[in-house]
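Participant: Encoded as structure tokens, here's the structure I'll be asking about.
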Amino acid sequence: MFETLGIFLGVIIVLSGAFIILVAMVASKKEYGNKESDIAKAKRNGIISIVLGILAIILFTVMKIF
């Protein structure tokens, strides 16, 4: 039961990271003027989120097997 919940949360993390990458201009703060560096940081954070989500899915899948 908990392993399935962990996989589900990992999928949500991956999807939120993909969303951040796709709309990086919206994800960066408008009060800073949407600088290129802020947009790049938002994209980097999206990539980090996707990687951590994939690691969570792998971890909970392995835990489910054992």
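Participant: Considering Cα pairs under 8 angstrom that are at least six residues apart, work out the relative contact order of the chain and quote it in whole percent.
Facilitator: Computed over the chain, the figure is 51 percent.
Participant: Based only on the alpha carbon positions, what is the Kirkwood hydrodynamic radius of the range 2-65, in angstrom?
Facilitator: Every distinct Cα pair counted, the radius reaches 12.3 Å.
Participant: Oh, and also: As I understand it, the dipole of the chain uses +1 on the Cβ of Lys and Arg and -1 on the Cβ of Asp and Glu, about the Cα centre. Which of Asn45, Ser16, Met1 lies farthest toward its positive end?
Facilitator: The one lying farthest along the dipole's positive direction is Asn45.
Participant: To continue, here is another question. In nanometres, what is the gap between the two model label sites at Ser37 and Phe19, each 7 Å from Cα along Cα-to-Cβ?
Facilitator: It works out to 2.8 nm between the two label points.
Participant: Mind checking the angle between helix 36-65 and the chain's longest principal axis? C-alpha axes, 0 to 90 degrees, to the nearest 10.
Facilitator: 0 degrees
Participant: Is it possible to state the helix-based mean residue ellipticity at 222 nm for the chain, with each DSSP H run of 4+ residues giving -39500 (n - 2.57), the sum divided by total residues, to the nearest 500 deg cm²/dmol? What is it?
Facilitator: When only DSSP H runs of four or more count, the value is -28500 deg cm²/dmol.
Participant: What's the FRET efficiency of Leu55 with Met1 using the Cβ-Cβ distance as r and R₀ = 30 Å, to the nearest 0.05?
Facilitator: Here the calculated transfer efficiency is 0.90.
Participant: Quick check: the angle from helix 2-22's long axis to the longest principal axis of the chain, C-alpha only, nearest 10 degrees?
Facilitator: Taking Cα atoms only, the helix is inclined about 20 degrees.
Laboratory data are not the source of any read-out in this text; all were calculated from the coordinates shown. What you are looking at is a predicted structure, and each value in this text was computed from that prediction instead of being measured. In this analysis, Cβ positions are derived from the backbone assuming ideal geometry, glycine residues included, and neighbour counts consider all displayed protein chains.
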